[in-house]
Structures are given as C-alpha cells and as structure tokens.
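Trainee: Let me begin by handing over the structure; questions about it come next.
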Amino acid sequence: MAFTCVKCYPWPLPHAPLSFSSKPISNSSIFFSASVSDHLASTSSSNSVSCSPNVHHLPPDFTPKQLIETLRRQRDEVAALRVFNWASKQPNFVPSSSFYKEILRKLGKAGSFEYMRCVLEEMKLIGCEVDRGIFLIFVKSYAKFELYDEVMGIVKEMEDEYRIKPDTCFYNVLLNVLVDGSKLKLVESAHSSMVRRRIRHDISTFNILIKALCKAHQGFIEEGNLDGALRIKEHMVEYGCLCTDITVNVLINGFCKQGRIDQALSFIQESENEGFRPDQFTYNTLVNGLCKVGCAKHAMEVVDAMLLGGFDPDTYTYNSLISGLCKLGEIDEAAKILDHMVSRDCSPNAVTYNTIISSLCKTKRVEEATEIACFLSRKGVLPDVCTFNFLIQGLCLSNNHRNAMELFEEMKGKGSQPDELTYNMLIDSLCSSGKPEEALKLLKEMESSGCAHNVVIYNTLIDGFCKNKRIEEAEEIFDEMELQGISRNSVTYNTLIDGLCKSRRMADAAHLMDQMIMEGLKLDKFTYNSFLTHFCKTGDIQKASDIVETMTLSGCNPDIVTYGTLISGLCKAGRLQVASRLLRSIQMKGMVLTPQAYNPVIQALFKRNRTHEAMRLVREMLEKADPPDSLTYKIVYRGLCNGGGSIGEAVDFTIEIIEKGNIPEFSSFVMLAEGLCSLAMEDTLVKLVDMIMEEARFSKSEISRIRGYLKIRKFHDALSTLGGILEDLYPIKTYRGR
C-alpha cells in the first residue's frame, strides 16, 4: 500500500532567524543607520532585496507616516534597516521615536538583541525620546525567545538608567507575557513589585492574575488554585472594577482545565444572571472541557446550544469533539463529525486529521486512515511527519512490515523528513519480523541523515539480534554504543544477558552482570529471571533456588513471573509436591496467581492421571486468579480428551467456562469439536457453538451463517467461520466474553 494518492507540494521551511556577528559596535558611531545597518547589510547581502526608493515606492520627500508603513512592510530586519539607512540620509529626515520603535520590533522578532541595545544607546545619545513603549518592545522580544531573566531586568533598567517609572499598562504587559510563558513564580515577583510601587490595578491586571491562578496548580500568591482566582474576582469590586466577559471566560477555562465541569456550568448560570452572555470562547471551552473528562456526547449538546446562540462551530470546536470521541473509541462517530465539519466549509487542520488517523491506525484500520489522509490532501491539507508516523505505526501493528517500509520510502520522496519516532518504529518492526540486518541498515541511514539516535533504538536492535539467535552481532551493537557515546541502561544489559543465557553462555552472562553492577546499575527481577529460566530449563533446580534466594537477600522481591518459572522447573524435574507447596506459599503471600503459575502444576497432574486434582486447580483459577490463557485450555482439553477423562467432562468444562463469561481458546475447542463429531455427538457441538455465539455477541447475520453450515452438516466450514469471527472480536486472545 503506497501512499501515492497524496499530492506532493513543496513544503517551505519556516524562516530561520539570521545569525549575526557578535562583534561589538563602537559607541563613537552616533548614527546606527551608517553602522549597524551597513554591517547587517554586508552579512546578508545575498539574502536581501535592494531598498532603493524605487523598489519601495518611497519618494524623497516622504512623510513620517509613509516611512513607518514602508518599514512595516519589510520582510526582515536587514531590509528594514536598509530602508532606514536610505531615509536617514534624505534632507527632510527628522529622527523620531516611532521610526526607532519599528526598527526595534524588526530586530526583536529576529532575536537580534545586541543590535537592539545599540539602537537604544543611539536613541539616548542623539536625544530621541525613550519612553515605556520602547521597553515594552524589549519585554515582548525577550519573552518570545523565553529570556525571562532579561524580561525581569527591564523594570530596573528603565528606572535606574532612564528614570522612567513603570505604569499599570507596562505591568499588565509584563505580567501577561510571564503568565503565557508559565513563569508563575516570576508572576508572583512582578506582582509584588507592582504592589510595592503602589501602582493601581485595572480590570486587565485582575484578569491576568485570575488567568495565572487558573493556570497554576501550586505556589502563586499563597493560593495557587482556582479558589484563589475566585477570591481575586471578589476583590475586584474593592477597586471599582466590574467583571468583564474576559474575566468570566478565564474562570470558566480554569474550572474546565481542572475537570470541574459542573461548577463551570453553575458559574455560567450565575454570570448570566449578572449580564454575561456566552460567546464563541465560552462554548469552545465547555466543549473541550467535557471532551477531556470523557463526556463527548454531552459536548455535542453544547454544540447544539452554540448554534442556537448564533455561533458557528470552528476548527477548535470540531477538533475537541473528534479528539473526545476517539478517546472513547467512537471512531466512526468521530468520522461523521469530520464529514459534518467539511460539509459546513470549516477547514480541518493537521490536528484534525492526525487525531482521527491516529485512532484508526491504533485499531488497525489503516486503509480507512489512508483514505482520510488522501481525501484531506485533495482539500489542501497535506500530511506531516506525524501523519506518516501514525500510518506507519498502524501498518507495523498489523504486521504489515513490507508496506510500512514502502510508506517510509514514499514519505521521504514527498519531502517529509523521518524523525526519531519513525526510525524507532521501523527498526522495531524489522526486528520483530526477523530482519535485524535490515534494521541495522536503517540505523546507519538514520545516522547519515543526522537524526538523533538513542538508547531505545540500540536496545531494540540488541533484542532483535538476540531473538534471532545472532548473539555475536548483538554484542557488537552493545560495544558500538560506547563508541557512539550512547549510555547503556538496565534494559540494554538485561536484554543481552537474557540472550546470552538462552545461548547457554552463562559465564559471559555472569561477566556482563558484574559489569552492570560496576556501572552503577541495579540488578532487577528481569536480570535474575533470565538466569532462573536457564537453570530451570536445564533441570538445575538447586541453582535456580539459589538465584531466588540471592534475589530476595539483595532486596529484589520475586514476582509472580519468578515463582511461575521456578514452579515450571520443579514440575519438569518431577518435583510436583514441592511445586504444589510453592503454589500455596505464594498464594498465602497475597499474590494474584496467573496461568503461568497454575499451568505447570495442572499439566503435571494430568500427566499423572490425577484428573480430579487438575480440574480442581482449573476451577480455582477461574474463581480466584487471572483468567485462563490459551495454554490452560490446551492443557485441559488434551488432558480430558486424551485418556485423562471422559469427553463428557470436557463438555461440562466448556459449558462451565462459558457460563462464567469466558470464551474457550479456539484451537482447543476445535480439538473437542472433532472428538464430538467422531462420537456422533453433533447435537452437543451445535449447543456449544450456540452458547459461544451468544456469549461473544455475534451479529444476527453471523449466527445465521454459522447455523446454516451446521444444519447441512458442514461442520468444518462452521468452525472455520466461527474461528475467523472470534479472531476479529478477540485479536489479543484474552478469551473473556465481555
């Protein structure tokens, strides 16, 4: 399945900020138009257009307004400086704070803070007015590049060096950028500074503080929660500030973010009584909040109210609904919402299609996901790296490794650069399909493409080579990690130790375990279980017991996997009585027993024709432990059908497990079905098939088809159809009815 239906368009890269020389500009140069501008122009001449007046339609007798508009139209700071350089040489040019502000904005957008400082210094030298607006440009520019320490330093600088006092407007901007950057401790500091200076709060100040408190989970102004935000709302009255729609919406957003939807709805009702009218933001906030708490159906009711209120759902509304429905597994319903969205001329974006495509791929509905991607690409919404990754993930989950690689090649062909996740999934897929050498080639390609590789990829490769019994190559990759500067973790060591144990290279495994300790990594249950499994398989029960004892003494508590492995080893060594006692011992410790612990004992009892005891353990498992797995059913049916008991017992057991809400493992059931047919007990088989179909909730058409085969005695066709439907219903084979 190649992704050939996706149209290929050029995908332009975002504009990268220009890199400027760190060489300082001499303070002796008064006019930056002749120094900074020329320097910038020389570093970027190949990238900039000529700024002659003819190009920019700026006449020699330009007005200040014309110059400002021309500066704003420039695509970057270099072009703007060239215009300014030309303008400053014209006879009618008079330096103005407005011109400098425009240049500072251009420099700030590019992160050229050194040159912003030069401009500020020049303004000071030539006597051009430096006001609060200049420093607000610095605040916003620093915040854009997350330089919050510099943001906080602006207040002191403007007071100490320029004798300019910050006012309410200045602090509102300062507080807002800090809140947007989630720097809530700095918000506290800035607000304290505002209070110390006795600067009056206005409605915007309170709204920003409420937004901060709604955003914070702890620590701000000794409150750090929504209740604190509500108290600030009450204090607003003391300052003569009435709540605005913004205030109410911020608080509604706070309620919804904390999952307090009922309180949000009550608050809206109270606010409506005070004159508030819900707007687009209100409805979208509620829709998103409801979807996040798993109430997407109720969110759709809010959308109905939204339409009645005269507001059209937008992309954000639909994205929230689609995401909420997908989280509930209602993918088909989400697809209907997408259709509705398109029919109302509301354009889907990357978030829209990636949400639904991801959900389809996770449920192995890759073809449908691809169809949606193709449809959206025809609408001009192009697939991005995330889209391709979701589709590749879906193919890998469906074990469609070849098509996953084809899509990977098409992804590169369409100009979408694979990322770390892409390579991780494909390397894992190739290793799982027994192609570790191809996975290794992919790692080399990843390195050459400049994509960062990590310990997870190396662990996957080591595991792939170990599972394919190519332990020497796994060791080479292990050694390569050190050369590449990739730190090994516990998973790395445990994977290779397990491979060495399975290859019976116990001395090398022990040496690697010592190396693991030397590197400061703690031995865990996975380390010990690898050694334990080997000794149990080779029948060395004494060493296996020693491993469990060492494990316990080192503070690593054995888990059910450890005990299950030891029980299996004891049963294989013929020590059934000891295994049974161990089973009871771990049960007394309060552990939930699993089929791994029960199965070896049940199998050993059947082999000794102790059918009654074996079935007692099976029933105990059904009552008290994890549900039986496929191996449990195989053991029981073989034990009952192969001389260990009558076929009647097997039938009774099947009825019993179905009535308890379990579905028998299919290949085991086929064994029973063949036995029933050979004994002319077809009526019993029909009864059991009916019970399974009812418990598994087959559709009417599925039941009709299978009963049709049974009626004309095509038992093989009936069983084949039954197995196919069960496989679709229970692909992971949990064998639970509901």
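Trainee: What number of residues in region 420-468 are of a type in the set (Val, Ile, Thr) and either within 18 Å of LEU395 (Cβ to Cβ) or not in a helix (DSSP H, G or I) (or both)? Can you show your working first?
Mentor: From region 420-468, those of a type in the set (Val, Ile, Thr) are 422, 427, 455-457, 460, 462; that's our starting set.
Among the residues that remain, those that are also either within 18 Å of LEU395 (Cβ to Cβ) or not in a helix (DSSP H, G or I) (or both) are: 422, 427, 460.
Of the residues in region 420-468, 3 are of a type in the set (Val, Ile, Thr) and either within 18 Å of LEU395 (Cβ to Cβ) or not in a helix (DSSP H, G or I) (or both).
Trainee: Considering only region 466-488, state which residues are closer than 15 Å to LEU512 by Cβ and crowded, with 17+ Cβ neighbours inside 10 Å. Show your work before the answer.
Mentor: We begin by selecting, within region 466-488, every residue closer than 15 Å to LEU512 by Cβ; these are 466, 471-472, 474-479, 481-482, 488.
If the condition is that a residue be closer than 15 Å to LEU512 by Cβ and crowded, with 17+ Cβ neighbours inside 10 Å, then CYS466, ILE471, ALA474, GLU475, ILE477, PHE478, MET481, ARG488 are the ones that fit.
Trainee: Could you please find all residues in region 131-173 being more than 21 Å from ILE103 (Cα to Cα) and part of a helix (DSSP H, G or I)?
Mentor: Once the filter is applied, which keeps residues that are more than 21 Å from ILE103 (Cα to Cα) and part of a helix (DSSP H, G or I), region 131-173 yields TYR148, ASP149, MET152, GLY153, VAL155, LYS156, GLU159, ASP160, THR168, CYS169, TYR171, ASN172.
Trainee: Scan region 54-80 and report the pairs whose first residue is surrounded by 12 or more Cβ atoms within 10 Å (Cβ to Cβ) and in a helix (DSSP H, G or I) and whose second residue is at pLDDT below 80 and of a type in the set (Phe, Trp, Tyr), with Cβ atoms within less than 9 Å and a gap of 6+ or a chain change.
Mentor: Taking only residues 6 or more apart or on different chains, the pairs are LEU67/PHE84; LEU67/PHE93; LEU71/PHE84.
Trainee: Please work out if THR285 is hydroxyl-bearing (Ser, Thr, Tyr), in contact with a helix residue (DSSP H, G or I) (Cβ under 7 Å, 6 or more places away or on another chain), touching a residue at least 24 places away in the same chain (Cβ under 8 Å) and farther than 19 Å from THR352 by Cβ.
Mentor: Taking the combined requirement at face value, the residue does not satisfy it.
Trainee: Restricting attention to region 365-374, and to residues there that are touching a residue at least 60 places away in the same chain (Cβ under 8 Å) and not small (Gly, Ala, Ser), which single residue is farthest from SER320 (Cα to Cα)? Give the steps one after another, and end with the answer.
Mentor: First, pick out the residues of region 365-374 that are touching a residue at least 60 places away in the same chain (Cβ under 8 Å): 366-367, 370, 373-374.
From what is left, the residues that are not small (Gly, Ala, Ser) are 366-367, 370, 374.
On the way: VAL366: 22, GLU367: 24, THR370: 22, CYS374: 22 Å.
Per the stated criteria, the residue is GLU367.
Trainee: Oh, and also: Out of ASN399, ASN403, which single residue is assigned to a helix (DSSP H, G or I), of a type in the set (S, T, N, Q), surrounded by fewer than 24 Cβ atoms within 10 Å (Cβ to Cβ) and in contact (Cβ under 8 Å) with a residue 12 or more places away in the chain? Give the derivation first.
Mentor: Details: ASN399 fails: assigned to a helix (DSSP H, G or I).
None of the other options fit; the residue is ASN403.
Trainee: Given the criteria touching a residue at least 60 places away in the same chain (Cβ under 8 Å) and farther than 18 Å from VAL177 by Cα, does LEU125 qualify? Spell out the reasoning first.
Mentor: On the way: touching a residue at least 60 places away in the same chain (Cβ under 8 Å): yes; farther than 18 Å from VAL177 by Cα: yes.
So LEU125 passes the test.
Trainee: If you go through region 382-393 one residue at a time, do you hit one that is in contact with a Pro (Cβ under 7 Å, 6 or more places away or on another chain), at pLDDT below 90 and either assigned to a loop (DSSP other than H, G, I, E, B) or among the small types (Gly, Ala, Ser) (or both)?
Mentor: no
Trainee: Select, from SER359, SER377, the only residue that is within 20 Å of the chain's Cα centre (by Cα), part of a helix (DSSP H, G or I), in contact (Cβ under 8 Å) with a residue 24 or more places away in the chain and buried (at least 19 other Cβ atoms within 10 Å of the Cβ). Can you show your working first?
Mentor: On the way: SER377 fails: within 20 Å of the chain's Cα centre (by Cα).
Checking each option against the conditions leaves just SER359.
Trainee: Tally up the residues in region 432-460 that are closer than 16 Å to GLU476 by Cα and of a type outside the set (A, V, I, L, M), please.
Mentor: Counting residues in region 432-460 that are closer than 16 Å to GLU476 by Cα and of a type outside the set (A, V, I, L, M) gives 8.
Yes/no per residue for (1) out of contact with any Ser or Thr (no Cβ under 7 Å at 6 or more places or on another chain); (2) farther than 27 Å from GLY310 by Cβ; (3) at pLDDT 80 or above; (4) buried (at least 21 other Cβ atoms within 10 Å of the Cβ):
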position: GLN218; (1), (2), (3), (4): yes, yes, no, no
position: TYR239; (1), (2), (3), (4): yes, yes, no, no
position: THR244; (1), (2), (3), (4): yes, no, no, no
position: GLY254; (1), (2), (3), (4): yes, no, yes, yes
position: GLN269; (1), (2), (3), (4): yes, no, yes, no
position: GLY275; (1), (2), (3), (4): yes, no, yes, no
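Trainee: Under the condition of being surrounded by fewer than 22 Cβ atoms within 10 Å (Cβ to Cβ) and either assigned to a helix (DSSP H, G or I) or charged (D, E, K, R) (or both), which residue from region 87-98 is farthest from the chain's Cα centre (by Cα)?
Mentor: From region 87-98, those surrounded by fewer than 22 Cβ atoms within 10 Å (Cβ to Cβ) are 88-98; that's our starting set.
From what is left, the residues that are either assigned to a helix (DSSP H, G or I) or charged (D, E, K, R) (or both) are 88-89, 97-98.
Numbers: SER88: 53, LYS89: 56, SER97: 47, SER98: 46 Å.
Per the criteria, the residue is LYS89.
Trainee: I've got another one for you. Contact list please: Cβ distance under 8 Å, first residue in region 691-706 and of a type in the set (Gly, Ala, Ser), second residue outside any loop (DSSP other than H, G, I, E, B) and surrounded by 16 or more Cβ atoms within 10 Å (Cβ to Cβ), pairs at least six apart or on different chains.
Mentor: Final answer for the pair search is ALA696/ILE725; ALA696/LEU726.
Trainee: Right, next: For LEU570, indicate whether it is farther than 28 Å from PHE669 by Cβ and among the hydrophobic types (A, V, I, L, M, F, W, C).
Mentor: Values: farther than 28 Å from PHE669 by Cβ: yes; among the hydrophobic types (A, V, I, L, M, F, W, C): yes.
The answer is yes for LEU570.
The values are calculated or read from the model by the stated rules, or taken from the named source; none is laboratory data. Note that the structure is a prediction, hence the values are computed from the model and not measured. Using ideal geometry, Cβ is built from the backbone for each residue, glycine included, and neighbour counts are taken over all protein chains shown.
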